[in-house]
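The values are calculated or read from the model by the stated rules, or taken from the named source; none is laboratory data. These numbers come from a predicted model, not from an experiment. For neighbour counting, all protein chains shown are included, and Cβ atoms are generated from backbone atoms with ideal geometry for every residue, glycine included. Accessible surface areas use protein heavy atoms only, side chains included; no ligands, DNA or RNA. Shrake-Rupley method; radii C 1.70, N 1.55, O 1.52, S 1.80 Å.
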Amino acid sequence: MSHAFGPVFQIAYVVEDVESAIAHMTKVMGIGPFFMFPVPLQAEWIEVRGERVAPDYDLLGAAAISYSGDSMIEIIQPGSAPSVYREFLDSGRSGVHHLGTVATDYDAQMAAARAAGIGVALEGVLPISRFSYLDTDILFPGTMVELIEMGPEMKELFGMVRATAAEWDGKDPIRQM
């Protein structure tokens, strides 16, 4: 558990092609099925490096989640617009991008991060959560922390994905949320 940001539950990868990454995870790693996010995100608001962006901002090209035991595996293919995901790929990297944590007190944790001089690269509000990507990747480039405040609907959705992954028979590796 991160005492600063809450327990780590997610490993997130940023890749050029989400379907190829899912094929690797399902066929080679035996992780699946993956549930695709609806794109574009239905956000109340999103800020990229402190700038508010339009609701139809091309943040995600595609994204999907599954579980391996208690760990969520997220795969993100960025959209064409500037973002922390696009920055990562444009710098020549791909693979692990961030660790997702469950906020224990989102407002206090965000205030503490800002007071410590940790920048906020991406922040937003979705109908089922608040989230922020913190610029914690100075020592380990590409390993940001995503602080996630989960509402009951998000916990239920993630529980369904986790239960489905635990019982997965290898069929239908890509599903819709």
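Only residues that are out of contact with any strand residue (DSSP E or B) (no Cβ under 8 Å at 6 or more places or on another chain) and more than 20 Å from residue 3 (Cβ to Cβ): list them for region 112-156, please.
126, 127, 141, 152, 153, 155, 156
Looking only at region 44-57, which residues are among the hydrophobic types (A, V, I, L, M, F, W, C) and modelled with pLDDT under 90?
The one that is among the hydrophobic types (A, V, I, L, M, F, W, C) and modelled with pLDDT under 90: 54.
Regarding region 94-111, can at least one residue be identified that is assigned to a loop (DSSP other than H, G, I, E, B) and of a type in the set (Gly, Ala, Ser)?
Scanning region 94-111 turns up at least one residue that is assigned to a loop (DSSP other than H, G, I, E, B) and of a type in the set (Gly, Ala, Ser).
Name every residue in region 51-106 that is under 22 Å from residue 166 (Cα atoms) and open to solvent by 60 Å² or more (accessible area, probe 1.4 Å), in order of residue number.
If the condition is that a residue be under 22 Å from residue 166 (Cα atoms) and open to solvent by 60 Å² or more (accessible area, probe 1.4 Å), then 70 is the only one that fits.
Of the residues in region 20-38, how many are surrounded by fewer than 16 Cβ atoms within 10 Å (Cβ to Cβ) and either within 23 Å of residue 81 (Cα to Cα) or touching a Cys at 6+ places or on another chain (Cβ under 9 Å) (or both)?
Total meeting the criteria: 2.
How many residues does region 155-177 hold that are outside any loop (DSSP other than H, G, I, E, B), among the hydrophobic types (A, V, I, L, M, F, W, C) and open to solvent by 50 Å² or more (accessible area, probe 1.4 Å)?
4
Please go through region 113-154 and pick out each residue that is part of a helix (DSSP H, G or I), exposed (fewer than 14 other Cβ atoms within 10 Å of the Cβ) and among the small types (Gly, Ala, Ser). Outline the logic, then answer.
Initially, region 113-154 is screened for residues part of a helix (DSSP H, G or I), giving 113-115, 152-154.
Within this subset, residues satisfying the condition of being exposed (fewer than 14 other Cβ atoms within 10 Å of the Cβ) are 114-115, 152-153.
Selection gives 115 alone.
What are the pairs, 6+ residues apart or on separate chains, where a residue within region 14-25 that is farther than 12 Å from residue 62 by Cα has its Cβ under 6 Å from a residue that is outside any loop (DSSP other than H, G, I, E, B)?
none
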